[in-house]
Amino acid sequence: MGIETSRRSFLAVAGLLGLAACGSNTGREGSAAGTLRHCYHAYGEDGVQDAVRRYAAAYPGAEVEVQWNPGDYDSKIVTALQNSAVPDVFEAQVKVDWVRQKQVVPVGDLLGDTRGDFVAALLESQTVDGQLYGIPQSIDTQVLFYRPSLLQAAGVTPPRTVDELLDAVKRLNTGGVRGLFAGNDGGVGVLTPPLLWAAGLDFLSPDGSAPGFDDPRAATVFGKFRELQTGGGLLLGAPADWSDPGAFVDGRVAMQWTGLWNLPKITAALGDDVGVLPFPKLDDSGAVSVPVGAYSAMVNARSADVEAAKAYVRWLWVERTDHQTEFATAFGAHVPARKSLSDEAESLRSGPAKDIVGFVVDSGRIASPSRWSARANTALSDAVSRIAREGADAATELRAAVEVARGEISRTGR
Amino acid sequence: MNRRGALAFWLFVGPFAAGLLLFTYVPIGWSAYLSFFDAHNTVTPTEFVGLDNYTDMLTDRAFLDSIGTFSAFAALIVPTTVVLSLLLALLVNQVRVARAFVRSVFFLPFACSYVVASLVWKMSLFSGVDTGVVNTVFGWFGGEPQAWVGTVDPPLYWVVLVTVRLWLQLGFYMVLFLAALQRIPDHLYEAAWTDGASPGWQTFRHVTLPGLRGALVAVLVLNLINAYQAFDEFYNILGDARGYPPFARPPLVYLYYTSLGSGGQDLGRGSAGALVLALLIALVTLLSGRVLRRSSS
């Protein structure tokens, strides 16, 4: 046990050092007192790190030091926010608890007359009690990729409803190729949001005052999800998870639910044999959907100079549209967070990319609302996992999740 | 103790004691303090909530489930480890050539990191595609490829979790048993044989096993604590960026997500859960130690 314990202590210390990398001057000797520290998570695409360092160096208002954070970035940020003045500026998705603890500052005043240019739903997702706390940087989304040639061979049309999807997955499951890959957890992690929307439901009610899935239709749609798990056409145990295009590109599946960011790799491997779809709807009371999310630029309330940090954020994420476009489209495929920029972006004007921009505009839904807490999310995903993977009773499981969500809504509403 | 002796004492013990105080006792005390507060995303909370966090954790189905699951896990892994490592020790003890080599071969996996082993198990040995090592072997005998980590019904993921733990820790417990075996004096065996005991089961039951009593208690207790502290292989095999499934979720993994997860840090409930778990481990350890000593004396 001694060895176990010391190994764990070592990991803890290593974690602290990792934090220090986000929380102290690592690059330059004796950086001036006015230096702003800007934290990013480690983007997988080549060139992003060079680009954001270039942007920071070009800022005329102050010295800016970029800190690049491989590993569990979100946890690092949450911990740093508790008592550190560093980073001054960071990227994340707004969480209601940060607002309640006054760890971040409102940045809505930075937008000026550009407010209408940002995708409204994205701004809404970074807003708590009417105040905007983060400026969306670029949009990530997920869609259903499929191989038209394989669908044609099996006589399957691109699925528009959940029932058609179940049927397609079953019929595409032939000759060593599986029907669908949506993650090694069977899709519980990534498909829960679009399944809710397919039934016309959501995490929260429209006014945010109650859980949005306290409805018998939730049991219906997750019952369908159970059918998908037991139907046999789902790929499980792939070497890489849903966020990687490997299973689709290697021909292990006819359809995969994955991110827009993989589009360049997918078209490079499969050429024209690529189609994209939003997640289908359950019936006419629901809707097709794609989840949209955005890391947004936020300012630490403990920053030594909040005003300087805000001025820098305005310069980079409001004024420098050239940097914003390059950041979103030059390295992997993302959609700029502003309509004027996504209209202009050359790489999004044709093929599947154009379709996906259309899905984002017409059917984009917010995958992680700021008022939806981690505890409520765990309760819902536990329930969905038990229903879909273990065959538990849907109504009972969902009722328990509704209870937890209700408690969390009243806690964070204070 | 003279002055120099005192100086030497503090020189040797001081750094360790200071580290223990700073990195173990202070955090434990702080954690106990936090457990009485609403401490969302803060270590300096202001809202005292009394025992709310405790009642909340003790009625939290996810937490209770995790403790239940891990009592079952302990009931499975502890006897398996004890029997297999004892068997290994007995076998290795019989080896007459290249003894050190054989011993090292079985001990080596213990030097491997849990994280590395977990990833090898998940991505190479028990990968769900037909090219995974285990699925390839299955294929030779006409078996269908299985999604080992992803299959919930039947719970094939346990095969992955249990084998990786056995591979990693059997060697260590084997060495503990070996050391104890070699301390049983030869004249006891000679006396037993003179008295007509047959070599094999009879000798093992009446000479070897009583001689191993101390090691047996140590291995059992260490194993039990280890089972409740399970984290690394579970987190790395079943967890992903989106979270952790509700099955096979060790208490520590649940507490990790509760108190340090990326969404929101609920340090009050996390601390309350950690203290409940610590108390439980202490209780089970005391109890098992007492039962074992009584039954063996």
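The values are calculated or read from the model by the stated rules, or taken from the named source; none is laboratory data. Since we're looking at a predicted model, the values are computed, not measured. Every residue, glycine among them, receives a Cβ derived from its backbone with ideal geometry; neighbour counts consider all protein chains shown.
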- Can A:SER205 be described as under 27 Å from A:ALA154 (Cβ atoms) and of a type in the set (Ser, Thr, Tyr)? no
- Item | Residue list for region A:91-124, restricted to those being within 14 Å of chain B (Cβ to nearest Cβ), among the hydrophobic types (A, V, I, L, M, F, W, C) and within 24 Å of A:THR35 (Cβ to Cβ) | A:ALA92, A:TRP98, A:VAL104
- Message: Against the definition (under 30 Å from A:ALA297 (Cβ atoms) and part of a helix (DSSP H, G or I)), how does A:ALA121 come out, yes or no?
- Response: yes
- When residues of region A:78-90 are limited to those that are crowded, with 23+ Cβ neighbours inside 10 Å and more than 21 Å from A:GLY34 (Cβ to Cβ), the one farthest from the other protein chains (Cβ to nearest Cβ): A:LEU81
- Query: When the residues of region A:171-226 are filtered to those that are of a type in the set (S, T, N, Q) and over 20 Å from the mean Cα position of the chain (by Cα), which remaining residue is farthest from A:SER125 (Cα to Cα)?
  - Reply: A:THR174
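Of the residues that sit in region B:236-245 and are more than 9 Å from chain A (Cβ to nearest Cβ) and in contact (Cβ under 8 Å) with a residue 40 or more places away in the chain, which one is surrounded by the most Cβ atoms within 10 Å (Cβ to Cβ)?
Result: B:ILE237.
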- Task: Select from region A:126-156 the residues that are away from chain B (no Cβ under 14 Å) and polar (S, T, N, Q) and write down the one among them that is farthest from A:ALA294 (Cα to Cα).
- Result: A:GLN152
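For region B:110-153, what are the residues that are among the hydroxyl-bearing types (Ser, Thr, Tyr), more than 9 Å from chain A (Cβ to nearest Cβ) and surrounded by fewer than 21 Cβ atoms within 10 Å (Cβ to Cβ)?
Selection gives B:THR136 alone.
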- Message: I need the full set of residues from region A:158-201 which are within 11 Å of chain B (Cβ to nearest Cβ), within 16 Å of A:LEU277 (Cα to Cα) and in a loop (DSSP other than H, G, I, E, B), in order please.
- Response: none
- Message: Take A:SER410 and tell me if it is within 14 Å of another protein chain (Cβ to nearest Cβ) and without any contact (Cβ under 8 Å) to a residue 12 or more places away in the chain.
- Response: yes
- How about region A:356-386: which of its residues are over 17 Å from A:GLN93 (Cα atoms), in contact with a strand residue (DSSP E or B) (Cβ under 8 Å, 6 or more places away or on another chain) and within 14 Å of chain B (Cβ to nearest Cβ)? A:THR378, A:SER381
- Item | Scan of region B:238-274 for residues that are under 18 Å from the mean Cα position of the chain (by Cα) and under 26 Å from B:LEU51 (Cβ atoms), ordered by number | B:ARG249, B:PRO250, B:PRO251, B:LEU252, B:VAL253, B:TYR254, B:LEU255, B:TYR256, B:ALA274
- Query: Among helices (runs of 4 or more DSSP H) lying entirely in region B:1-86, which contain 1 or more residues that are within 30 Å of A:SER381 (Cβ to Cβ) and modelled with pLDDT under 95?
  - Reply: B:26-34, B:52-58
- Options B:ALA272, B:ALA282, B:ALA248, B:ALA230; residue that is part of a helix (DSSP H, G or I) and touching a residue at least 24 places away in the same chain (Cβ under 8 Å): B:ALA272
- Note on the structure: All-but-one check, B:ASN226 against (1) of a type outside the set (A, V, I, L, M, F, W, C); (2) in contact with a Lys or Arg (Cβ under 7 Å, 6 or more places away or on another chain); (3) within 9 Å of chain A (Cβ to nearest Cβ), failing number (2)
- Query: Somewhere in region A:207-222, is a residue outside any helix (DSSP H, G or I), within 13 Å of another protein chain (Cβ to nearest Cβ) and polar (S, T, N, Q)?
  - Reply: no
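Being away from chain B (no Cβ under 12 Å) and touching a residue at least 40 places away in the same chain (Cβ under 8 Å) is the filter here; which residues of region A:246-258 pass it?
Hits for region A:246-258 are A:PHE248, A:ALA254, A:MET255, A:GLN256, A:TRP257, A:THR258.
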- Note on the structure: The helices (runs of 4 or more DSSP H) lying entirely within region A:340-412 that contain at least 2 residues which are at pLDDT below 95 and β-branched (Val, Ile, Thr) are A:351-363, A:394-412
- Message: Let me confirm something: among A:GLU319, A:GLU346, A:GLU326, A:GLU390, which residue is within 11 Å of chain B (Cβ to nearest Cβ), charged (D, E, K, R) and surrounded by fewer than 22 Cβ atoms within 10 Å (Cβ to Cβ)?
- Response: A:GLU390
